[in-house]
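What follows is a short report on a single structure.
The values are calculated or read from the model by the stated rules, or taken from the named source; none is laboratory data. Values in this document were obtained by computation on a predicted structure and should not be read as measured data. When we count neighbours, we look across all protein chains shown, and the Cβ atoms used for this are built from the backbone with ideal geometry, even at glycine. What goes into the accessible areas is simple: the full protein's heavy atoms, side chains included, and nothing from ligands, DNA or RNA. Shrake-Rupley method; radii C 1.70, N 1.55, O 1.52, S 1.80 Å.
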Amino acid sequence: MKVSCDLQLTMMASCLYRLLGERIGNGYTTAKFQHIFRDFINATAHVFIDERDITVRFQKRAHNPLLIAAGFAKNNLPVPWLQNKKLRLIFG
């Protein structure tokens, strides 16, 4: 059972990396997951939670303009398991 669960989680992560690469574009559609992780996921941020919002403020990075161009800064998504608080991403 553990092998099946590990394999399924690996496949899901691979698909999510691929979707992120496609949304970002600029050569990341064919990038390996390590490259995407290094450039976008492995980042420092401060998280602020108040009555209505969850704000994630990322430090300045060279690749932030690609995330902004991909529309990640415009998303205010509700998080259902946190009383529908809006998730806001702020880049540098």
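A few remarks follow.
- Chain lengthening between residue 74 and residue 62 when straightened (0.36 nm per residue, less Cα-Cα): 2.4 nm
- Global geometry of the range 29-77, whether rounded, prolate or oblate, following the gyration tensor of its Cα atoms and the 1.5 cut on a/c: prolate
- Computed P(r) (all Cα pairs; the chain; 10 Å bins; percent): 15, 37, 35, 13, 0
- Solvent-accessible area assigned to carbon and sulfur over the chain amounts to 61 percent, based on a 1.4 Å probe.
- Electrostatic dipole magnitude of the chain [Cβ: Lys, Arg +1; Asp, Glu -1; Cα centre; debye, to 20]: 140 debye
- Expressed to the nearest 5 percent, the antiparallel share of DSSP beta bridges inside the chain is 60 percent.
- Placing a pseudo-label 7 Å from each Cα along the Cα-to-Cβ vector at residue 45 and residue 6 gives an inter-label distance of 2.9 nm.
- Net +/- balance of residues flanking residue 92 in space, Cβ distance below 11 Å, scoring K and R +1, D and E -1: +3
- Accessible surface for the range 16-92, divided over its residues, is 71 Å² per residue with a 1.4 Å probe.
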